[in-house]
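Trainee: The structure's right below; bear with me while I get my questions together.
The values are calculated or read from the model by the stated rules, or taken from the named source; none is laboratory data. All of these numbers come straight from a predicted model, not from anything done at the bench. Virtual Cβ from ideal backbone geometry, glycine too; neighbours counted across all protein chains shown.
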Amino acid sequence: MVQHGELIGLFIIAKMEGEYTDVHYTYSNEEIALAQGTARLAALVIAQVRLLEEWAATRATEQALQEINRRYDAFISIASHELKTPLTTIKGNVELTLRRLMKLNHNLSAAQLDQLRKPLETALQRAQVQARMIEELLEASRIRMNKFTLSMTPYDLADIVEEATKDMQQAVTDRAIILAPVERPVPVQADIDRIKQVILNYLTNALKYSNPEYPVVVHLTREDGFARVSVQDQGPGIPLEAQKSLWQRFYRVPGIEVRHGSGTGLGLGLYICREFIELHHGHVGVQSTPGEGSTFWFTLPIKETA
Ligand code: ADP
């Protein structure tokens with residue numbers, strides 16, 4: 001029995017023995033047609049049973065995978081919460097010690113004071129990097145477990161872009177961040193904090209992966225009913241192959257090094273950005289040429305108020 005060119009079984013028939021044993025029995029055309037029809041039907045039944053078995057196996061694998069993913073997300077969520085609590089205490093205490101140290105009436109020289117201040121500042125910086133990573137893990141697991149709500153407000157996107165650019169420039173004083181002229185207003189309906197987080201994430205990456213001597217340029221434009229924010233750097237650029245995977249969880253482009261600031265990332269930032277923007281019915285994307293730089297962008301629907 002052959003199905004779709006594949007041998008799936010043998011259908012064997014034989015005449016009864018007995019009074020005909022020494023007779024050389026031949027099969028009539030009707031008997032041959034009947035045998036062929038029966039074989040065809042049996043082949044169909046076999047193929048159907050096989051399909052059902054395959055389907056059941058696939059379903060079992062899918063269910064097992066879903067369960068593994070569910071347990072993994074739950075674990076990440078619990079572990080991140082447990083890591084966050086002591087870290088918050090560490091950060092708070094280091095900040096407090098730094099403040100007390102600066103207010104202290106002491107006879108220390110500037111060099112001696114620096115010897116105490118600098119390690120504390122480094123500890124605080126590292127704790128902040130770690131806190132940001134834990135926050136990303138929590139945010140990603142909230143997205144995965146659908147425990148995530150947006151608080152939508154009508155807003156001028158130009159204000160959010162300006163605020164995010166200013167905040168970043170204040171935090172990173174040794175880099176040039178240029179906001180190209182914007183035609184106001186650019187009305188959107190958005191969760192302001194989340195959208196600001198996306199812009200800050202694009203800016204952080206642009207600064208982190210490009211050389212300090214090059215500026216990062218931010219544009220806000222309008223096109224076809226959408227507002228478009230783009231962050232352009234003159235960093236290493238991203239190979240076409242890697243561009244497809246950029247928005248996946250935990251993906252980091254092999255061979256791209258951190259060129260500015262304190263590095264280490266989990267490969268979650270862009271995944272979170274895409275989820276936020278798509279929940280706002282917008283789109284994300286990147287234009288990038290290796291050796292020339294990258295422009296990460298997102299769009300949001302314009303919501304003109306009547
Ligand atoms: P990470 O925390 O690792 O930066 P992201 O999700 O924000 O995670 O980015 C994923 C990866 O994409 C990064 O690890 C980096 O390899 C690459 N990437 C992101 N932004 C840029 C950029 N502006 N220039 C070059 N590579 C980038």
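Trainee: Just name the residue that is surrounded by the most Cβ atoms within 10 Å (Cβ to Cβ) out of those in region 233-242 that are within 9 Å of the ligand (Cβ to nearest atom) and not in a loop (DSSP other than H, G, I, E, B).
Mentor: Residues of region 233-242 that are within 9 Å of the ligand (Cβ to nearest atom), as a first pass: 233, 235-238, 242.
Adding the requirement that they be not in a loop (DSSP other than H, G, I, E, B) leaves 233, 242.
Details: Asp233: 25, Ala242: 17.
Selected residue: Asp233.
Trainee: Still on this structure, I have one more. Looking at Gly282, Gly293, Gly225, which one is crowded, with 17+ Cβ neighbours inside 10 Å, more than 12 Å from the ligand (Cβ to nearest atom) and assigned by TED's automatic domain parsing to the domain that holds Pro185? Explain how you work it out, then say what you get.
Mentor: Working: Gly293 fails: more than 12 Å from the ligand (Cβ to nearest atom); Gly225 fails: crowded, with 17+ Cβ neighbours inside 10 Å.
The unique qualifying residue is Gly282.
Trainee: For Ala158, all conditions in the list (1) surrounded by 13 or more Cβ atoms within 10 Å (Cβ to Cβ); (2) farther than 26 Å from Asp191 by Cβ hold save one; what is the number of the exception?
Mentor: Checking Ala158 against (1) surrounded by 13 or more Cβ atoms within 10 Å (Cβ to Cβ); (2) farther than 26 Å from Asp191 by Cβ, the one that fails is (2).
Trainee: Restricting to region 166-181, what's the tally of residues that are of a type outside the set (Gly, Ala, Ser), surrounded by 12 or more Cβ atoms within 10 Å (Cβ to Cβ) and within 17 Å of Ser210 (Cα to Cα)? Give the derivation first.
Mentor: The first filter runs over region 166-181 and keeps only residues of a type outside the set (Gly, Ala, Ser), leaving 166-170, 172-175, 177-179, 181.
Restricting the remaining residues to those that are surrounded by 12 or more Cβ atoms within 10 Å (Cβ to Cβ) gives 166-169, 172, 175, 177-179.
If we keep only those that are within 17 Å of Ser210 (Cα to Cα) as well, we get 168-169, 172, 175, 177-178.
Result for region 166-181: 6.
Trainee: Can I ask one more? So which residues in region 174-219 are within 11 Å of the ligand (Cβ to nearest atom), assigned to a helix (DSSP H, G or I) and not hydrophobic (A, V, I, L, M, F, W, C), if there are any at all?
Mentor: Once the filter is applied, which keeps residues that are within 11 Å of the ligand (Cβ to nearest atom), assigned to a helix (DSSP H, G or I) and not hydrophobic (A, V, I, L, M, F, W, C), region 174-219 yields Asn201, Tyr202, Thr204, Asn205, Lys208, Tyr209.
Trainee: Separate question: Cβ-Cβ distance below 6 Å, separation of 6 or more or different chains: which pairs start in region 254-283 with a residue that is free of Cβ contacts under 8 Å to residues at least 60 places away in the same chain and end on one that is basic (Lys, Arg)?
Mentor: From residues that are free of Cβ contacts under 8 Å to residues at least 60 places away in the same chain, the pairs are Val258/Lys208; Gly267/Arg252.
Trainee: Can you confirm whether region 256-275 contains a residue that is out of contact with any Pro (no Cβ under 6 Å at 6 or more places or on another chain), away from the ligand (no atom under 11 Å from the Cβ), assigned to a helix (DSSP H, G or I) and within 23 Å of Phe148 (Cβ to Cβ)?
Mentor: yes
Trainee: Being more than 22 Å from the chain's Cα centre (by Cα) and within 26 Å of Pro290 (Cα to Cα) narrows it down to one of Ile160, Ile178, Ile199, so name that one. Can you show your working first?
Mentor: Details: Ile160 fails: within 26 Å of Pro290 (Cα to Cα); Ile199 fails: more than 22 Å from the chain's Cα centre (by Cα).
Every option except Ile178 fails the conditions.
Trainee: While we're on this one: Please determine, by comparing only the residues of region 255-306 that are β-branched (Val, Ile, Thr) and farther than 29 Å from Asp224 by Cα, which one is modelled with the lowest pLDDT.
Mentor: Initially, region 255-306 is screened for residues β-branched (Val, Ile, Thr), giving 256, 258, 264, 272, 277, 284, 286, 289, 295, 299, 302, 305.
Then keep just the ones that are farther than 29 Å from Asp224 by Cα; that gives 256, 258, 264.
Numbers: Ile256: 89, Val258: 88, Thr264: 71.
Ranking the candidates gives Thr264 first.
Trainee: Also: Of the residues that make up region 157-165, is at least one assigned to a helix (DSSP H, G or I), free of Cβ contacts under 8 Å to residues at least 24 places away in the same chain and either within 16 Å of the ligand (Cβ to nearest atom) or assigned by TED's automatic domain parsing to the domain that holds Gly267 (or both)?
Mentor: Our first condition is that a residue be assigned to a helix (DSSP H, G or I); within region 157-165, this holds for 157-165.
So of that shortlist, the ones also free of Cβ contacts under 8 Å to residues at least 24 places away in the same chain come out as 159, 162.
Then keep just the ones that are either within 16 Å of the ligand (Cβ to nearest atom) or assigned by TED's automatic domain parsing to the domain that holds Gly267 (or both); that gives 159, 162.
Scanning region 157-165 turns up at least one residue that is assigned to a helix (DSSP H, G or I), free of Cβ contacts under 8 Å to residues at least 24 places away in the same chain and either within 16 Å of the ligand (Cβ to nearest atom) or assigned by TED's automatic domain parsing to the domain that holds Gly267 (or both).
Trainee: Could you pull out the residue among Gln48, Gln66 that is polar (S, T, N, Q) and over 27 Å from His4 (Cα atoms)? It would help to see each step written out before you state the result.
Mentor: Working: Gln48 fails: over 27 Å from His4 (Cα atoms).
Testing whether each residue is polar (S, T, N, Q) and over 27 Å from His4 (Cα atoms) leaves just Gln66.
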